[in-house]
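K.L.:
Submitted below is the structure of interest, expressed as structure tokens.
The values are calculated or read from the model by the stated rules, or taken from the named source; none is laboratory data. Quick caveat: nothing in here was measured; it's all calculated off a predicted structure. All Cβ positions, glycine included, derive from the backbone under ideal geometry; neighbour counts span all protein chains shown.
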Amino acid sequence: MSATAEVMSGEFDQAAVVAEPLPPVVGGGAVDSGVEEEEGEQKSKGRGQIVLGRNVHTSCLAVTEPEANDEFTGDKEAYMASVLARYRKTLMERTKHHLGYPYNLDFDYGALAQLQHFSINNLGDPFIESNYGVHSRQFEVGVLDWFARLWEIEKTKYWGYITNCGTEGNLHGILVGREVFPEGILYASRESHYSVFKAARMYRMECVKVGTLVSGEIDCADFRANLQANKDKPAIINVNIGTTVKGAVDDLDLVIQTLEESGFTHDRFYIHCDGALFGLMMPFVKRAPKVSFKKPIGSVSVSGHKFVGCPMPCGVQITRMEHINALSRNVEYLASRDATIMGSRNGHAPIFLWYTLNRKGYKGFQKEVQKCLRNAHYLKDRLRGAGISAMLNELSSTVVFERPLDEEFVRMWQLACEGNIAHAVVMPNVTIEKLDVFLNELVEKRSGWYGEGRGEPPCVAGDLGSENCDCGLHK
Ligand SMILES: *Cc1c(COP(=O)(O)O)cnc(C)c1O
């Protein structure tokens, strides 16, 4: 036998991979019953069903092998071009009708198109030159310095990196907390993002879910009771700077005060601030509690594709230099230090962030935040004016309201829903005009959903407080 590897020459049978029947639709509540149902029947049944254990292949663009004469006929090129053109149209339409997720879709990075031709990778530590030369560390560190200034920590005192998303920031922040306090208990409010509980599972940490107020903020009375019950173990706390569903901001100062009053000295707790959503909005909101490393916090993270508006998921993670040494290992293969969660890191993302920070600057973000808060108030007021239950937290641009009855409408506007509530997140690309189109459509459709024997709107007093509820009982 020869020592060199052989290239497989067998035929690649596409049909063997593609010919899979569509998965049966799952009906109200029963997960994967395996029973096929009629389209219409499914529509009228429960909502937001998730098909577990089976991948849905209904809208798949198959990869097809090039024909032998493709290069000559150009058929394949033309086919791909038409697929992409159609896809672009879909994106434009879907972008226009988007309200439910906190992504700022308003940007123009045309100037960066020229960089598409490079495989930019910042693998390793942003502050240590690796042997791989096609990187954007100079941009990355510039962006990190900007955030360090925003969150008030000196250049020599912080460590950080540009992550793949807010989740990676949480995974990192909580890991640092765990490395500092291997025996620590993780505390997080029940309305924290699911990535926090994922981190607890991944790291096999003891995790205490703390109750919340109606606003969605952490309930510090419950937090205190839980601390009292676990005084012998250090505390690792996830503090929400804007929760995912209600946009609630945990009171950082009260969290710290509660820790101190419960006998936790600063060397017995670690706070990670999950600022995925509002990390970059809060600094510009008057009366908002300040996120600052002058306070006893360990790390802060923010998503780059949310308020900032990056065309690819990314995020920023900043922690204290003293903590990162507990976490990192040297890696000879990289000639760098391993302190990040991921290995290869998107080197394009830092350039997009750098570009937008330069363009907008502190003042630009301030203006956008003001606009978002104004428009969010407009949305909430008009909803309430139309007799629709709605809530808007003071520091937030996330408007929570009665879940629209029609799932088609929910999908059309890409609303995020949970139980009887839905939310719209007012980002810089959400203009008054767009809100008007949405509101008019909602009010018109809704008039057909309720009354005259068709049922009543749901009571959402439990979610939004009775003062924000417009159901038959509370209005
Ligand atoms: C969106 C969000 C995250 C996760 O961010 P990704 O960038 O989607 O991974 C974490 N926490 C909160 C509060 C969020 O809203």
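K.L.:
Among the residues of the stretch 307-324, are any touching a residue at least 24 places away in the same chain (Cβ under 8 Å), over 15 Å from ASP108 (Cα atoms), small (Gly, Ala, Ser) and surrounded by fewer than 21 Cβ atoms within 10 Å (Cβ to Cβ)?
P.N.:
no
K.L.:
Those residues that are more than 14 Å from the chain's Cα centre (by Cα), farther than 26 Å from ASP125 by Cβ and within 11 Å of the ligand (Cβ to nearest atom), I need them from the stretch 170-196; list them, please. Before the answer, list the steps.
P.N.:
Within the stretch 170-196, the subset more than 14 Å from the chain's Cα centre (by Cα) is 172-190.
Then keep just the ones that are farther than 26 Å from ASP125 by Cβ; that gives 183, 185, 187-190.
Result: ALA188, SER189.
K.L.:
Which of the residues belonging to the stretch 222-263 are among the small types (Gly, Ala, Ser) and either within 19 Å of the chain's Cα centre (by Cα) or within 16 Å of SER396 (Cα to Cα) (or both)? Break it down into steps so the answer makes sense when it comes.
P.N.:
First pass over the stretch 222-263, keeping only residues among the small types (Gly, Ala, Ser): 225, 229, 235, 242, 247-248, 262-263.
Answer for the stretch 222-263, where residues must be among the small types (Gly, Ala, Ser) and either within 19 Å of the chain's Cα centre (by Cα) or within 16 Å of SER396 (Cα to Cα) (or both): GLY242, GLY247, ALA248.
K.L.:
May I pose another question? Please work out which one of (1) under 30 Å from CYS469 (Cα atoms); (2) of a type outside the set (Val, Ile, Thr); (3) buried (at least 18 other Cβ atoms within 10 Å of the Cβ) is the condition ALA349 fails and give its number.
P.N.:
It fails just one condition, (1).
K.L.:
Something else about it: What tally of residues in the stretch 91-119 results from selecting those that are more than 16 Å from the ligand (Cβ to nearest atom) and either surrounded by 12 or more Cβ atoms within 10 Å (Cβ to Cβ) or within 30 Å of VAL134 (Cβ to Cβ) (or both)? Let's see the steps before the verdict.
P.N.:
The first filter runs over the stretch 91-119 and keeps only residues more than 16 Å from the ligand (Cβ to nearest atom), leaving 91-97, 106-119.
Pick out the ones that are also either surrounded by 12 or more Cβ atoms within 10 Å (Cβ to Cβ) or within 30 Å of VAL134 (Cβ to Cβ) (or both) and you get 91, 94-95, 97, 106-119.
Total satisfying the criteria: 18.
K.L.:
Moving on to the next point. Tell me which residues, restricted to the stretch 253-293, are of a type in the set (A, V, I, L, M) and either within 15 Å of the ligand (Cβ to nearest atom) or closer than 21 Å to ARG190 by Cβ (or both). Write out each step before concluding.
P.N.:
Filtering the stretch 253-293 for residues of a type in the set (A, V, I, L, M) gives 254-256, 259, 271, 276-277, 280-282, 285, 288, 291.
The answer is LEU254, VAL255, ILE256, LEU259, ILE271, ALA276, LEU277, LEU280, MET281, MET282, VAL291.
K.L.:
Checking the condition within 16 Å of the ligand (Cβ to nearest atom), charged (D, E, K, R) and out of contact with any strand residue (DSSP E or B) (no Cβ under 8 Å at 6 or more places or on another chain), which residue from LYS367, LYS371, LYS360, LYS306 passes?
P.N.:
Working: LYS367 fails: within 16 Å of the ligand (Cβ to nearest atom); LYS371 fails: within 16 Å of the ligand (Cβ to nearest atom); LYS360 fails: within 16 Å of the ligand (Cβ to nearest atom).
Result: LYS306 is the single residue among LYS367, LYS371, LYS360, LYS306 that is within 16 Å of the ligand (Cβ to nearest atom), charged (D, E, K, R) and out of contact with any strand residue (DSSP E or B) (no Cβ under 8 Å at 6 or more places or on another chain).
K.L.:
Do we have any residue at all in the stretch 378-400 that's modelled with pLDDT of 95 or more, among the charged types (D, E, K, R), over 18 Å from MET281 (Cβ atoms) and surrounded by fewer than 15 Cβ atoms within 10 Å (Cβ to Cβ)?
P.N.:
Looking through the stretch 378-400, at least one residue is modelled with pLDDT of 95 or more, among the charged types (D, E, K, R), over 18 Å from MET281 (Cβ atoms) and surrounded by fewer than 15 Cβ atoms within 10 Å (Cβ to Cβ).
K.L.:
When you look at ALA416, is it buried (at least 22 other Cβ atoms within 10 Å of the Cβ) and either within 22 Å of the chain's Cα centre (by Cα) or β-branched (Val, Ile, Thr) (or both), yes or no?
P.N.:
Answer is no for this residue.
K.L.:
Can you tell me how many residues in the stretch 120-169 are more than 16 Å from the ligand (Cβ to nearest atom) and assigned to a loop (DSSP other than H, G, I, E, B)?
P.N.:
Result for the stretch 120-169: 23.
K.L.:
While we're here: If I ask for residues that are in a loop (DSSP other than H, G, I, E, B) and surrounded by 10 or more Cβ atoms within 10 Å (Cβ to Cβ), which ones from the stretch 67-76 would you list? I'd like the intermediate steps shown before the answer.
P.N.:
Of the stretch 67-76, the ones in a loop (DSSP other than H, G, I, E, B) are 67-69, 74.
Listed by number, the residues that qualify are GLU67, ASN69, GLY74.
K.L.:
Among the candidates TYR161, TYR194, single out the residue that is farther than 19 Å from ILE351 by Cα and of a type in the set (Phe, Trp, Tyr).
P.N.:
On the way: TYR161 fails: farther than 19 Å from ILE351 by Cα.
Just a single option satisfies the conditions, and that option is TYR194.
K.L.:
Among the residues of the stretch 243-266, which ones are hydroxyl-bearing (Ser, Thr, Tyr) and exposed (fewer than 13 other Cβ atoms within 10 Å of the Cβ)?
P.N.:
Correct list: THR265 only.
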